[in-house]
Amino acid sequence: AGGAAAAPPAAALRVSLPPCEIDYCVMDVTAMTYLDASLDCVVDKATLDTMCQLDDDPTLGHSQASKMLREACRVLRPGGHYVCLTYGDPEMRLPLLSASGLAWDGQHSVAQHEVWKNKAVFYMYVMRKRGGAGVE
C-alpha cells in the first residue's frame, strides 16, 4: 500500500550553529544605552515602520525614524550590518536609508530584496557601516 512518507522529526531538521551570545534588551531605539561601535549587527523587524508612523515626514533629520537610524549606525562597529525587514518599498525607504549623516559604505550601500509571504510583500535592506577590514 502506498502513502506519503513520514516527515522526519523536527529535531532531525535542526541546524547546528556555533554558540553565540544574543542579548534581548528593552530600550528607546532613538537613544540606546549601548556604547559607540559596540555591536556587529542590528536587526530591525518592522521597527522602522513603526517609527515612520510616528512622523509626519520621516525623511526630516529630526524625525523619530531618522533618530533611530542614526542610533543604529552609531552603535554598529565599522563593517557592521544594519538589517531591516519592512513593509516600506524602495520609494519609501531608500531616501531615509540613504540620508546624509549615516555612515554607510559607499553610494551603493543598500542591498534590497523583496520577500513574499502569503499575500504580503516585505522588503529587506542591508546596510554596511563604513570602515572595518577590506573597507575603505
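Observations on the model:
- Relative contact order computed over the range 39-129 (Cα-Cα under 8 Å; 6+ residues apart), in percent: 32
- When both bridge partners sit in the range 39-129, DSSP labels roughly 70% of those beta bridges antiparallel.
- Order by protection proxy (mean Cβ within 10 Å, highest first), peptides 87-100, 22-35: 87-100, 22-35
- Amide H partners (placed H, <5 Å) of Val42, local residues excluded: His81, Tyr82, Val83
- Between the amide H of Trp104 and those of Arg130, distances stay under 5 Å, these residues lying 5 or more places away or on another chain, with hydrogens modeled in the peptide plane.
- By the rule of a C-alpha distance below 17 Å, with chain neighbours fewer than 8 residues away ignored, no lysines are paired with Lys119.
Bear in mind these aren't lab numbers, they're just calculated from the coordinates by the rules spelled out. The structure displayed is predicted, hence computed values, not measured ones. Counting neighbours? That spans all protein chains shown, and the Cβs are built from the backbone with ideal geometry, glycine included.
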